[in-house]
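Scroll down for the structure; my scribbles are underneath it.
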Amino acid sequence: MKKGHYGPYGGQYIAETLMTPLRELEAAYEEAKADPAFQAEFREILRDYVGRESPLTFARRLTERLGGARIVLKREDLNHTGAHKVNNTIGQALLARRMGKKRLIAETGAGMHGVATATVAALFGMPCEVYMGATDVARQAPNVARMKMLGATVHPIEEGGATLKDAMNEAIRDWIANCDDTFYVIGTVAGPHPYPAMVRDFQSVIGTEARRQMLEKFGKLPDQAIACVGGGSNAIGLFAGFLDDPGVRLVGVEAGGKGIATGEHAASICGGRPGVLHGSKTYLLQTDDGQILDTYSVSAGLDYPGVGPEHAYLADTGRAEYVPVDDAEAVAAFDALCRYEGIIPALESSHAVAEAIKRAPHLPGDAILLVNLSGRGDKDMDNVLAWKAANPPVPAL
Amino acid sequence: MNRIQNCFSRTRAAGRPAFVAYLTMGFPSLAASEKAADTLLSSGADILELGVPFSDPVADGAVIRAAAYAALAQGVKLADVLALAARLRAKHPDAPLVVFSYYNVLYAHGLERFADEAAAAGVDAVLVVDLPLEERDELLAVLRPRGLTFVPLVAPTTSVERAAASAKGLEDSFLYVITVKGTTGARAELPPELKDRLATLRAAVDVPIAAGFGVSTREQAAMIGEVADGFVVGSALVKALEKDGTLHAEDLRYY
């Protein structure tokens, strides 16, 4: 495969101004990746600061209630800052420091990546500016407060649908103008090469750990590894551990919103077609004329009209399957995990839980569904309550 | 020689830089764009860039973004831009017309279909903001057999070697030199090193060079004209259209 490409996907479809900075980033990353000192520091921070490794939790009561496959949760929600995002921001901040960059910028949807970037900026003593769609600023107020508390500046973006894509547009504009001293910390496996590969590498700790833990704890690999997919960083992190295990089905769960048929969703693979946005060729939600659509999902973190190019490739080759889960199913799964396991999951991760709930009853009791619980749901309290107030009750499990 | 080469021969012979004008098509309306383009080509502009509106214009500043959103709100499509190009071609047989776009719009239209329609409309070249050297072959493969050329971009971060590589094989085009690190839009001052930079690039490549981004005054255009073959004015013209949708004499005085 051509470097930086995943079959026909990926690449560097970006403004010329950023091509030289991308070359520099690629070179610096390749060098860091091969440097044992860099890797050692990365692992040390993950252990002593993030609290890795994150445990596997057998969801016993949920499994018993469903009858069928065992559901096992990879607890990224227990990471410092409450989501998998911090794995990547630590890696990128270490790289930024190594490259002598003075300033971090980031885009954020749900705010988890913004919080994770603001956190490492504080840890490394770097100024941090976060771009966030105004719609998301409103629906993720607790995370906005956290970012500010951590010393970051949050820029609400009013353009377009005022969500993640619009935030990313503005972050790219900032980077174009300030590429000399600024490091753009992209939060997902999207963007121009080398971002999709780099973010995947930093997140692959999820899958690598989970694979080992599965063997230690259950003596076998999972039958299916399930993760939610917005841009797809937690999913690729989980999948990375099992790509070479053909017996493990990889399942990416996209945000079905109000249903694919309604057009109000954020399921780029299930409901989109290939195009070019934010530096990559990949599946996009777009009009026939190539205008990017505003997306909809109850979860801000999945509200993105594209998907990482490696997911596009995994979908085409059939190595991974991608399915939509709608808002109501996600909220029902959110409730179920709260009530049966005492875990309040992020709405994003609730999509993956919902898919496991659908599948488990149809599988034998010795099968294992490994679900990446990518984040915790404290940030989503207001959204869940508002969603419930505005919609018919979801059936309790 | 194609229209672009003829154009630069003419302006060089006249001892002046080429005035490259950018307009977002469909702002404030398709009819207004057509009239403004006609005015420009009749009163001083040498080359017209027809901006195709896109929902996510990451390389553009506030003025051109607002124009793109306004055009999209009216439903302006690539087909409208090409139809407008065809009408301008009929009136201005010698003026180089450049389709200026983000890649996804062309990609979604179908690259071959786009190239067929652009060639039929009398378009000379295509400029794609997010299609660097590494990715452009896919588009060049459909443009070249149809006699269309491609305008490569060079940024302040681009090395001279890379600029030369970008210009290679496109000797029938021109090199668009981005003056500033940043998005499109008027700047009160252009970088002090710009003149030296343009002189270096001009010596390094075999194609005419035109500099744009941030150019909004006659003085800036004149400064660029001392060392480059052309200057590009975009946001300032789009901004002028914000007032009453028409370009006036004072909006056109760039040399």
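The values are calculated or read from the model by the stated rules, or taken from the named source; none is laboratory data. None of the values given here were measured: they were computed from a predicted structure. When we count neighbours, we look across all protein chains shown, and the Cβ atoms used for this are built from the backbone with ideal geometry, even at glycine. These accessible areas exclude ligands, DNA and RNA; they are computed on the full protein's heavy atoms, side chains included. Shrake-Rupley method; radii C 1.70, N 1.55, O 1.52, S 1.80 Å.
What are the residue pairs meeting all of these: first residue in segment B:18-35, first residue under 20 Å from B:THR217 (Cβ atoms) and touching a residue at least 24 places away in the same chain (Cβ under 8 Å), second residue charged (D, E, K, R) and open to solvent by less than 10 Å² (accessible area, probe 1.4 Å), Cβ atoms under 8 Å, and 6 or more apart or on different chains?
Sorted first by the residue in segment B:18-35, then by its partner, the pairs are B:ALA18/B:ASP229; B:VAL20/B:GLU49; B:ALA21/B:GLU49; B:TYR22/B:GLU49; B:LEU23/B:GLU49.
Quick grid of which residues meet (1) buried (at least 24 other Cβ atoms within 10 Å of the Cβ); (2) touching a Phe, Trp or Tyr at 6+ places or on another chain (Cβ under 6 Å); (3) touching a residue at least 12 places away in the same chain (Cβ under 8 Å):
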{"residue": "A:GLY100", "(1), (2), (3)": "no, no, no"}
{"residue": "A:LEU104", "(1), (2), (3)": "yes, yes, yes"}
{"residue": "A:GLY109", "(1), (2), (3)": "yes, no, yes"}
{"residue": "A:ALA118", "(1), (2), (3)": "yes, no, yes"}
{"residue": "A:MET132", "(1), (2), (3)": "yes, no, yes"}
{"residue": "A:PRO156", "(1), (2), (3)": "no, no, yes"}
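Take the residues of segment B:148-171 that are β-branched (Val, Ile, Thr) and free of Cβ contacts under 8 Å to residues at least 40 places away in the same chain: which is nearest to the other protein chains (Cβ to nearest Cβ)? Reasoning before the result, please.
Here is the first cut: in segment B:148-171, the ones β-branched (Val, Ile, Thr) are B:149, B:151, B:154, B:157-158, B:160.
From what's left, free of Cβ contacts under 8 Å to residues at least 40 places away in the same chain: B:157-158.
Working: B:THR157: 4, B:THR158: 6 Å.
Among residues in segment B:148-171 that are β-branched (Val, Ile, Thr) and free of Cβ contacts under 8 Å to residues at least 40 places away in the same chain, the one nearest to the other protein chains (Cβ to nearest Cβ) is B:THR157.
Residue check: is A:ASP223 among the acidic types (Asp, Glu), open to solvent by 10 Å² or more (accessible area, probe 1.4 Å) and over 30 Å from B:GLY185 (Cα atoms)?
Numbers: among the acidic types (Asp, Glu): yes; open to solvent by 10 Å² or more (accessible area, probe 1.4 Å): yes; over 30 Å from B:GLY185 (Cα atoms): yes.
In short, yes.
Out of segment A:177-235, which residues are over 14 Å from the mean Cα position of the chain (by Cα), among the acidic types (Asp, Glu) and outside any loop (DSSP other than H, G, I, E, B)?
Of everything in segment A:177-235, those that are over 14 Å from the mean Cα position of the chain (by Cα), among the acidic types (Asp, Glu) and outside any loop (DSSP other than H, G, I, E, B) turn out to be A:GLU209, A:GLU216.
Scan segment A:341-351 and give yes if some residue there is part of a helix (DSSP H, G or I) and surrounded by fewer than 21 Cβ atoms within 10 Å (Cβ to Cβ), otherwise no.
Our first condition is that a residue be part of a helix (DSSP H, G or I); within segment A:341-351, this holds for A:341, A:347-351.
Subsequent filtering for residues that are surrounded by fewer than 21 Cβ atoms within 10 Å (Cβ to Cβ) retains A:341.
Yes, some residue in segment A:341-351 is part of a helix (DSSP H, G or I) and surrounded by fewer than 21 Cβ atoms within 10 Å (Cβ to Cβ).
Looking at (1) out of contact with any Cys (no Cβ under 9 Å at 6 or more places or on another chain); (2) over 19 Å from A:LEU277 (Cα atoms), which one does B:ALA95 not meet, given that it meets all the others?
Of the numbered conditions (1) out of contact with any Cys (no Cβ under 9 Å at 6 or more places or on another chain); (2) over 19 Å from A:LEU277 (Cα atoms), the odd one out for B:ALA95 is (1).
Those residues that are more than 14 Å from every other protein chain (Cβ to nearest Cβ) and in contact with a helix residue (DSSP H, G or I) (Cβ under 7 Å, 6 or more places away or on another chain), I need them from segment A:271-296; list them, please.
Taking segment A:271-296 first, the residues more than 14 Å from every other protein chain (Cβ to nearest Cβ) are A:271, A:296.
The answer is A:GLY271, and nothing else.
State yes or no: is A:ALA171 open to solvent by 30 Å² or more (accessible area, probe 1.4 Å) and of a type in the set (A, V, I, L, M, F, W, C)?
Working: open to solvent by 30 Å² or more (accessible area, probe 1.4 Å): no; of a type in the set (A, V, I, L, M, F, W, C): yes.
The answer is no for A:ALA171.
For segment A:272-326, give me each residue that is under 17 Å from the mean Cα position of the chain (by Cα), crowded, with 24+ Cβ neighbours inside 10 Å and in a loop (DSSP other than H, G, I, E, B).
Answer for segment A:272-326, where residues must be under 17 Å from the mean Cα position of the chain (by Cα), crowded, with 24+ Cβ neighbours inside 10 Å and in a loop (DSSP other than H, G, I, E, B): A:HIS278, A:THR295, A:SER297, A:VAL298, A:SER299, A:ASP303, A:TYR304, A:PRO305, A:GLY306, A:VAL307, A:GLY308.
Kindly evaluate B:GLY122 against the criterion of being free of Cβ contacts under 8 Å to residues at least 60 places away in the same chain, within 13 Å of another protein chain (Cβ to nearest Cβ) and at positive phi. Lay out the reasoning, then the answer.
Details: free of Cβ contacts under 8 Å to residues at least 60 places away in the same chain: yes; within 13 Å of another protein chain (Cβ to nearest Cβ): no; at positive phi: yes.
No.
So which of A:GLY247, A:GLY256, A:GLY207 ends up being touching a residue at least 12 places away in the same chain (Cβ under 8 Å), touching a His at 6+ places or on another chain (Cβ under 9 Å) and either open to solvent by less than 10 Å² (accessible area, probe 1.4 Å) or over 30 Å from A:THR287 (Cα atoms) (or both)? Show your work before the answer.
Details: A:GLY247 fails: touching a His at 6+ places or on another chain (Cβ under 9 Å); A:GLY207 fails: touching a His at 6+ places or on another chain (Cβ under 9 Å).
Just a single option satisfies the conditions, and that option is A:GLY256.
Which of the helices (runs of 4 or more DSSP H) contained wholly in segment A:1-106 include at least 1 residues that are under 21 Å from the mean Cα position of the chain (by Cα)? Step through it out loud before you land on a result.
Values: elements: A:19-33, A:36-45, A:60-66, A:85-98.
Helices (runs of 4 or more DSSP H) meeting the threshold: A:19-33, A:36-45, A:85-98.
Residue-wise test of (1) away from chain A (no Cβ under 11 Å); (2) under 25 Å from B:ALA90 (Cα atoms); (3) in contact (Cβ under 8 Å) with a residue 40 or more places away in the chain.
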position	(1), (2), (3)
B:PHE114	no, yes, no
B:ALA141	yes, no, no
B:ARG144	yes, yes, no
B:SER173	yes, yes, yes
B:TYR176	no, no, yes
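What is the residue count in segment A:17-33 for residues that are within 24 Å of B:VAL151 (Cα to Cα) and open to solvent by 10 Å² or more (accessible area, probe 1.4 Å)? Give the derivation first.
Quick first cut of segment A:17-33, residues within 24 Å of B:VAL151 (Cα to Cα) only: A:17-23.
Applying the additional criterion that residues be open to solvent by 10 Å² or more (accessible area, probe 1.4 Å) yields A:20-21, A:23.
Qualifying residue count, segment A:17-33: 3.
Mind counting the residues in segment A:156-177 that are more than 9 Å from chain B (Cβ to nearest Cβ) and on the phi > 0 side of the Ramachandran plot?
Count: 1.
From the set of residues in segment B:26-66 that are facing chain A (nearest Cβ under 10 Å) and not in a loop (DSSP other than H, G, I, E, B), which is surrounded by the fewest Cβ atoms within 10 Å (Cβ to Cβ)? First the steps, then the outcome.
Just the residues of segment B:26-66 that are facing chain A (nearest Cβ under 10 Å), to begin with: B:52-62, B:65-66.
Subset that is not in a loop (DSSP other than H, G, I, E, B): B:62, B:65-66.
On the way: B:ALA62: 14, B:ARG65: 26, B:ALA66: 18.
Here the answer is B:ALA62.
Return the residues of segment A:358-382 that are touching a helix residue (DSSP H, G or I) at 6+ places or on another chain (Cβ under 6 Å), under 20 Å from A:PRO324 (Cβ atoms) and open to solvent by 20 Å² or more (accessible area, probe 1.4 Å); say none if nothing qualifies.
A:PRO361
Restricting attention to segment B:67-94, which residues are at the interface with chain A (Cβ under 9 Å from one of its Cβ atoms) and assigned to a helix (DSSP H, G or I)?
B:TYR69, B:LEU72, B:LEU78, B:ALA79
Could we say that B:GLY225 is surrounded by fewer than 18 Cβ atoms within 10 Å (Cβ to Cβ), more than 16 Å from the chain's Cα centre (by Cα) and away from every other protein chain (no Cβ under 14 Å) here?
Details: surrounded by fewer than 18 Cβ atoms within 10 Å (Cβ to Cβ): no; more than 16 Å from the chain's Cα centre (by Cα): yes; away from every other protein chain (no Cβ under 14 Å): yes.
In short, no.
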